[in-house]
Amino acid sequence: MKHTAGELATYLGASLSGDARAPISGVAALEMAGAEDLIYVETARHLERASQSASKCVIAYSGAELPGKTILAIPSPKLAFAKAAEWLLPALAPVPGTHPTAIVSSTARIGRGVSVGPYAVIEDDVEISERSEVGAYGYVGRGSFIGASCRLFPRVTLYPGTRIGNRVIIHSGAVIGGDGFGYVFGEGRQWKFPQIGTVQIGDDVEIGANATIARGSLGSTEIGKGVKIDNLVHVAHNARVGEHSVIAAQTGISGSSTLGKQVIVGGQVGIGDHCTIEDGAVLGGQAGIPTGKTIRAGQTVWGTPARPVERFKEQYGWFSRLPDLAKRLKRLEQGNVGQK
Amino acid sequence: MKHTAGELATYLGASLSGDARAPISGVAALEMAGAEDLIYVETARHLERASQSASKCVIAYSGAELPGKTILAIPSPKLAFAKAAEWLLPALAPVPGTHPTAIVSSTARIGRGVSVGPYAVIEDDVEISERSEVGAYGYVGRGSFIGASCRLFPRVTLYPGTRIGNRVIIHSGAVIGGDGFGYVFGEGRQWKFPQIGTVQIGDDVEIGANATIARGSLGSTEIGKGVKIDNLVHVAHNARVGEHSVIAAQTGISGSSTLGKQVIVGGQVGIGDHCTIEDGAVLGGQAGIPTGKTIRAGQTVWGTPARPVERFKEQYGWFSRLPDLAKRLKRLEQGNVGQK
Amino acid sequence: MKHTAGELATYLGASLSGDARAPISGVAALEMAGAEDLIYVETARHLERASQSASKCVIAYSGAELPGKTILAIPSPKLAFAKAAEWLLPALAPVPGTHPTAIVSSTARIGRGVSVGPYAVIEDDVEISERSEVGAYGYVGRGSFIGASCRLFPRVTLYPGTRIGNRVIIHSGAVIGGDGFGYVFGEGRQWKFPQIGTVQIGDDVEIGANATIARGSLGSTEIGKGVKIDNLVHVAHNARVGEHSVIAAQTGISGSSTLGKQVIVGGQVGIGDHCTIEDGAVLGGQAGIPTGKTIRAGQTVWGTPARPVERFKEQYGWFSRLPDLAKRLKRLEQGNVGQK
């Protein structure tokens, strides 16, 4: 769908200079853009590359000079670009209907405009709300609920009783609602602790490929609205993740841990069980939070066990100089005090 | 299936006080329990919450006071609760039969009471023993063997020749028997080392969602009986995991490493190749065991490279105080001996 | 297919001693070999075990003494064994044809000798080149391209527009071309950054089970020829991996990072975004490369943040002795200079 620079400026609330009638049909990277592709420039560092782009329309910071281009000036160019992309390239509405190879229980309730792909299996008492899409091989277990305008890419698995909000995106291979991992050792073997709870996924959540989110053991596992979860992330039973938090790839959140709102979690972070990560905390990549720990609101931590990043860096700096410290200590022991 | 508190006390060997005829129909968390749901209290810390539960029947430690409740007193309440749950809520026997969309080779041998779900593919010379269930999209490669009373949730993949014991549970997306990762570099490229061995999974094993267990390169990869493996765990070619060991999420076990019996492995642990983890060792979350190392029986280790946890903690404590140590060293160098 | 020791010696360029007519029908581990199975001995350490093997034909280093065996002597026995295995046991050509349950778009172009397995879904405008195999449940998204002689094991997912070279092997559960993980926070929520780029997989690449490779956000994600990627690895949007690099299990490569040629990456390594790993670098298991860092060509690094392995080991050695260093410092402070 084609728009003009002027329409886009109005939509974004950006200040336009140049040709308001310049057509815009997509978005692209600087080097790959055609004349009608929108690009963006966040800092002066990329100004040179932007000026050489074939694109005729640029979202840029105020004051950016790009002679010959139509400029939409705005304080947060990258944010505006993301918004523009969503506006220019809305997700395709799925083609409504149930593929003839899909197996849909007669007790399932399928809303208007829903698309069910080839070889999907929809079990008893499932409800799928309007305009949602279950891709090829989608498995929706008994009694699950899927809200409106969701998109389940091919090969998503929902165990029985999973509850999904509206506008949720789930990528291929993700498994939602599998049993939590809990055993009690006794009489020479592991006894399985009951894993009969639920999973609740909020509105506007996105879940990456091959991620796993376990059901609660007795209670529920809860992913708040707007949370973004990357590929291969593991969320254990009874964990709770607060609204708009972002969790990068291969992170693991252990049982009964709680993340607040707008927490940022780097890749490969390990969060032990019964931890509390307060609102707005930031966990650096590969950080490890030991069982039961609390990370305070807004704090940025790193390392295993994790500590405030500035302290970690200072300590790690001295770690690097340990061989030198040891030499200096030895010199002192040999009586060379003050002779450095 | 409904039982009474008296029957349950007998089954568990617990000492009953209260109403032996109290009906019990399920298990639940303290806050979510109805009158007929069994709950448990492990320590005095949760006594208050238990007393407020709607549940009328509690498994508790000896001496726990819960006026008005029927109490089953026993030394290990959580273990008893797990046992009770298994007794009260036995896994549903699968509905026997082969779904009309399943593709089952004419040379496959399917035992009595086996359930094969929609779109499953059972290749040549497979044997599936009595009462086992292969869920939707289950792929069972040529010549594989599945013991009795197994449960393969939807979307499990067994590569050819995989051998699975009895009462094994495998969750969605798990891949058993894929090629190991071995190459030899020469003549400017990587040559694939043959990956033609086998995988053997013992009785009563549980394998989590999207976990991967590779076949042996020439020999076999072996998972001992009663082992529990969490989501997204990776077990490499020729590894061996001893009986009743427990491996938490996202751990990786490299080629030819051996774990003893009842080893406990935390989340995101990395075990290098050719390591030996002796019986009963405990590896803390994110610990790293370098290639070829041995962890002694019963030892608890942490860190990368891993060391006994008490030593790691002491060392890490000093790591935290490194900036202070460095200051003190500097003061000494400036001649301020003894003037602290 | 049966060969003789003499034929194999010629193929490998090995020097034969013993019976050139000795038949060879397979390869095996020392302990499991039959008389016609080829074995190999890399060092004198395994000579004893080799001499006890039932195998009659051994690839060995020059000068290895194995009375009664036919020996193929060559400088790199393991490499020669891998080459021999490939020669003796060529991958079975797939049975050409499309399974009647596969759903193949009328606009897809399927080459000669291609095999499409049960329940595969091939979308519009896909091209699959000659002799390639798409296993059961293979999902090939719209507009994707698969080169010649590829093998996609059951349950591989290619998102739309994925491009795969020749002789590529992809294991079960791998997801290629899923959306990258990029958001911009603003106005109280995360906005999805457009993920509309591509993925390009080079010739002779192998990708492990349940691995995920994201498409570029605006540009492309590129895996060079001959790269080997283990199970559960994550490669993020716009990353580039150079030729013949090897990436062990559960490693994560963040957005826009670049790996050179023949880089060796251990298991569970985390590479931050915008990193540069130059040719031939080696990253030890669990190493962490912080955002934007460069690892120089040929360097071996370890730890988080990663540093040259020799330095890391020296520093870690002193870390281990920190309690002792602290004691010595205290003694000095108490005036005991030189009295060690």
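Summary table below
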{"item": "Answer residue from the stretch A:80-105, given it is within 30 Å of C:ILE103 (Cα to Cα) and of a type in the set (A, V, I, L, M) and is most open to solvent (accessible area, probe 1.4 Å) among those", "result": "A:LEU92"}
{"item": "Extreme residue, most open to solvent (accessible area, probe 1.4 Å), among residues of the stretch A:192-212 that are β-branched (Val, Ile, Thr) and under 30 Å from B:GLY242 (Cβ atoms)", "result": "A:ILE196"}
{"item": "Residue check, C:GLN190 in contact with a Gly (Cβ under 8 Å, 6 or more places away or on another chain) and part of a loop (DSSP other than H, G, I, E, B)", "result": "no"}
{"item": "Residue that is surrounded by the most Cβ atoms within 10 Å (Cβ to Cβ), among those in the stretch B:276-307 that are within 11 Å of chain C (Cβ to nearest Cβ) and of a type outside the set (Val, Ile, Thr)", "result": "B:GLN286"}
{"item": "Scan of the stretch B:253-269 for residues that are open to solvent by less than 10 Å² (accessible area, probe 1.4 Å) and either aliphatic (A, V, I, L, M) or within 9 Å of another protein chain (Cβ to nearest Cβ) (or both), ordered by number", "result": "B:ILE253, B:LEU259, B:VAL263, B:VAL265, B:VAL269"}
{"item": "Out of C:ALA60, C:ALA108, C:ALA29, sole residue that is of a type in the set (Gly, Ala, Ser), in contact with a helix residue (DSSP H, G or I) (Cβ under 6 Å, 6 or more places away or on another chain), open to solvent by less than 80 Å² (accessible area, probe 1.4 Å) and free of Cβ contacts under 8 Å to residues at least 40 places away in the same chain", "result": "C:ALA60"}
{"item": "Count of the stretch B:270-293 residues which are of a type in the set (S, T, N, Q) and under 22 Å from the mean Cα position of the chain (by Cα)", "result": "2"}
{"item": "Tally, over the stretch B:120-134, of residues that are open to solvent by 10 Å² or more (accessible area, probe 1.4 Å) and without any contact (Cβ under 8 Å) to a residue 24 or more places away in the chain", "result": "4"}
{"item": "Verdict on B:SER17 being farther than 23 Å from A:GLN195 by Cα, at pLDDT 95 or above and open to solvent by 20 Å² or more (accessible area, probe 1.4 Å)", "result": "yes"}
{"item": "Pair list, Cβ < 8 Å and 6+ apart or interchain, from the stretch A:230-244 residues that are modelled with pLDDT of 95 or more to residues that are basic (Lys, Arg)", "result": "A:HIS237/A:ARG215; A:GLY242/A:LYS261; A:GLU243/A:LYS225; A:GLU243/A:LYS261; A:HIS244/A:LYS225; A:HIS244/A:LYS261; A:HIS244/C:ARG189"}
{"item": "The stretch C:80-94 residues that are more than 7 Å from chain B (Cβ to nearest Cβ), paired with ones that are part of a helix (DSSP H, G or I) and of a type in the set (Phe, Trp, Tyr) (beta carbon under 7 Å, 6 or more apart)", "result": "C:TRP87/C:TYR11"}
{"item": "Selection within the stretch C:321-340 - more than 7 Å from every other protein chain (Cβ to nearest Cβ) and part of a helix (DSSP H, G or I)", "result": "C:ASP324, C:LYS327, C:LYS330, C:ARG331"}
{"item": "Residues satisfying the stated conditions in the stretch B:308-320, i.e. within 12 Å of chain C (Cβ to nearest Cβ), of a type outside the set (S, T, N, Q) and not in a strand (DSSP E or B)", "result": "B:GLU310, B:ARG311, B:PHE312, B:LYS313, B:GLU314, B:TYR316, B:GLY317, B:TRP318, B:PHE319"}
{"item": "Number of the condition not met by C:LYS225 [criteria: (1) in contact (Cβ under 8 Å) with a residue 24 or more places away in the chain; (2) within 9 Å of chain A (Cβ to nearest Cβ); (3) under 23 Å from C:GLY138 (Cα atoms)]", "result": "(2)"}
{"item": "Per-region count, the stretch C:204-219, residues within 18 Å of B:THR212 (Cβ to Cβ), more than 8 Å from chain A (Cβ to nearest Cβ) and touching a Gly at 6+ places or on another chain (Cβ under 6 Å)", "result": "1"}
{"item": "Among (1) farther than 26 Å from A:PRO160 by Cα; (2) open to solvent by 60 Å² or more (accessible area, probe 1.4 Å); (3) without any contact (Cβ under 8 Å) to a residue 40 or more places away in the chain; (4) among the polar types (S, T, N, Q), the one test that A:SER53 misses", "result": "(2)"}
{"item": "Extreme residue, most open to solvent (accessible area, probe 1.4 Å), among residues of the stretch A:171-191 that are touching a strand residue (DSSP E or B) at 6+ places or on another chain (Cβ under 6 Å) and more than 22 Å from C:SER172 (Cβ to Cβ)", "result": "A:TYR183"}
{"item": "Hits in the stretch A:188-203 (condition: within 8 Å of chain B (Cβ to nearest Cβ) and among the charged types (D, E, K, R))", "result": "A:ARG189, A:LYS192"}
{"item": "Residue list for the stretch C:135-147, filter: in a loop (DSSP other than H, G, I, E, B) and open to solvent by 20 Å² or more (accessible area, probe 1.4 Å)", "result": "C:ARG142, C:GLY143"}
{"item": "Qualifying positions in the stretch C:148-164 - open to solvent by 30 Å² or more (accessible area, probe 1.4 Å) and either touching a strand residue (DSSP E or B) at 6+ places or on another chain (Cβ under 8 Å) or within 14 Å of chain A (Cβ to nearest Cβ) (or both)", "result": "C:ARG151, C:PRO160, C:ARG163"}
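The values are calculated or read from the model by the stated rules, or taken from the named source; none is laboratory data. Predicted model, so just to flag it, every value in this text is computed and none were measured. For neighbour counting, all protein chains shown are included, and Cβ atoms are generated from backbone atoms with ideal geometry for every residue, glycine included. Surface accessibility is based on the protein's heavy atoms, side chains included, excluding ligands, DNA and RNA. Shrake-Rupley method; radii C 1.70, N 1.55, O 1.52, S 1.80 Å.
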